[in-house]
Structure formats: structure tokens, C-alpha cells
Amino acid sequence: MTDALVPERVLPLLRGRFGSPYVYREVCPSTQELLGPGDPEGATAATDEQTAGRGRLGRRWIAPRGRALLVSVLLRPDRLEAAPQLSLVAGLALARAVEEAAGVSCALKWPNDVLVGERKLAGILAEGRAGGVVLGMGLNVGQEAHELPPGDRRAPTSLRVETGRPHDRAELLATLLAALEEAYDLWRGSGLAPLLGELARRDWLAGREVAVGGHRGVAAGIEPDGRLRLARPEGDVLVTSGEVTVR
Ligand code: BTN
């Protein structure tokens, strides 16, 4: 059985409206560029290899061919100003999908990382384009240890490394799209409120001393509007975005 993301494998596995239309390229610069203004909400692009994959804050996102789930989904929320919250919605969907399809427990590092233990398994890039929000998700699936960037105990990981066995990317994609649709529909109706309990349970930063956006403090939870609360002796501060460094 192949785990390629070709439509013949993916389309029969889809459970809801996300994933239609489905755009697949064997190779492309970035799946973020494959969805256009004419596409409906739920349109999905996936590839086996990106030549110019990008991460947050201008970084590159690199994965060997066929080893990662590289996917973008077009969303058209009514409240575009709340779009940063969609990174959290996608993080929950990724965590739920990985647990369901691979049996691996995940935490979330605000605002956009999915972790196993201390190591990054997946990242999310939400970009305003194509008249909506293109939610890009990169999930490390089949990389062997030597195919991941080296580093300390917080170096990136993959499902292969965590479980010692292969995982079907097409199954993972279908599970992820179903989880994203469910979480997104809830968010669209009621905002983050119904998701806050689970966000708190998965909040990897909670209680850690962090630095973000020029502030230092102890991470003290995610607010109903998606901001990160930092507790400081001089008073709490709410952070909208940025790179969090753990001290
Ligand atoms: C991050 O952690 O910095 C976000 C990484 C997002 C990577 C995904 S892979 C699919 C989509 N296409 C891209 O070029 N980037 C996102």
C-alpha cells in the first residue's frame, strides 16, 4: 500500500466537506500558493514535496520528499480579525487527529506548534490570502531520526521516531480534515469558548518562565480571544503574537 497523497487514495477517505476541491501536486513551491480566490471554503492543497516551503516569521519549512504531511486549507471566516485564533483551532485539530490516527499524545505550544513531549511534531502557518485565510499545516510523519534537524532535547520529532513504525499520510490527512472541520465549525459558531478547556489541558507553556515580544513572565494560560497571558510581578500582560522563548 502506498501512503501517497494522490486523489485516488485521499478522496475515498474524506468524511465531510473539507478536502473538496482537492488539489494535489507531486512537487510544488508551497501548498500555500495552490489555492485561489475562486476556491470555496474547505478547498485543500497537498503535496509530497515543497521546494520553497515556508514557516512562520520568514523561516523555511523543510521536509524530505514523501515524509511529511504538507497541506493547506482555505477558510473564509466571517470575522477576519479573529483569524489568528485559527492557529489555535488548527493546533487542536492536529493534536486530536494525531492521537486518533497514530495514538500519540500531543501538547500545544502557543501560538502554533504541536509538540510531543518537548519536541515539535507539527507547525501551523495562517496567512490572509485568496480572500480568506489559508491555513498551512506541516506534520512530520515518516522522517527517520537522521532526516530531522539535529538539536537538543527540544529538536523536532516525527511520528516514525515517536512510535517506531510507519504511518499512512492519506489516513492522517483525512482524519485531520475531519477534526479541523469539527473544531472550525464550533469556533465559527461560538469562538474559542468551547475549546478553551482543551486548550488549557494541552497548554505546554503553562507555568513556564518565558520571554515573548519584549516581555518576560510566567505563561498563565490562553485568553478567550486567543492571547497568551503572562503573569509578571508588575502586572499581567496579554500577548497577541510572537515567538515564545522558554527560559
Ligand atoms: C511553522 O511552524 O513555522 C509553520 C510551518 C508551516 C508549514 C506548512 S507545510 C504546508 C504549508 N505550506 C507551506 O509553505 N507552509 C505550510
Discussion item. So, Val218, is that one in contact (Cβ under 8 Å) with a residue 24 or more places away in the chain, part of a strand (DSSP E or B) and β-branched (Val, Ile, Thr) or not?
Written reply: no
Practice prompt. Would you please list the contacts, defined by Cβ atoms under 7 Å and residues six or more apart or on different chains, that run from a residue in region 36-62 that is farther than 18 Å from Ala4 by Cα to a residue that is of a type in the set (D, E, K, R) and part of a loop (DSSP other than H, G, I, E, B)?
Written response: Glu41/Arg76; Gly42/Arg17; Leu57/Glu243
Worksheet entry | Failed item in (1) of a type in the set (A, V, I, L, M, F, W, C); (2) touching a strand residue (DSSP E or B) at 6+ places or on another chain (Cβ under 7 Å); (3) near the ligand (Cβ under 10 Å from one of its atoms), with Leu57 passing the rest | (2)
Item to complete: Write out, first by first residue and then by second, each pair whose Cβ atoms fall under 6 Å of each other, whose residues are 6+ apart or on separate chains, and whose first residue, in region 108-120, is farther than 9 Å from Thr157 by Cα while the second is hydroxyl-bearing (Ser, Thr, Tyr) and within 12 Å of the ligand (Cβ to nearest atom).
Response: Pro111/Ser87; Asn112/Ser87
Practice prompt. State which residue pairs qualify: first residue closer than 15 Å to Glu118 by Cβ and inside region 144-158, second residue modelled with pLDDT of 95 or more and of a type in the set (Gly, Ala, Ser) in any location, beta carbons under 7 Å apart, and separation of 6 or more residues or different chains.
Written response: Leu148/Ser158; Ser158/Gly142
Practice prompt. Working carefully through the options Ala101, Ala95, Ala130, find the one that is buried (at least 23 other Cβ atoms within 10 Å of the Cβ) and of a type outside the set (Val, Ile, Thr).
Written response: Ala95
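The values are calculated or read from the model by the stated rules, or taken from the named source; none is laboratory data. Keep in mind that what you see is a predicted model, and the values were worked out from it rather than measured. Neighbour counts are summed over all protein chains in view; Cβ atoms, including those assigned to glycine, are modelled from backbone coordinates with ideal geometry.
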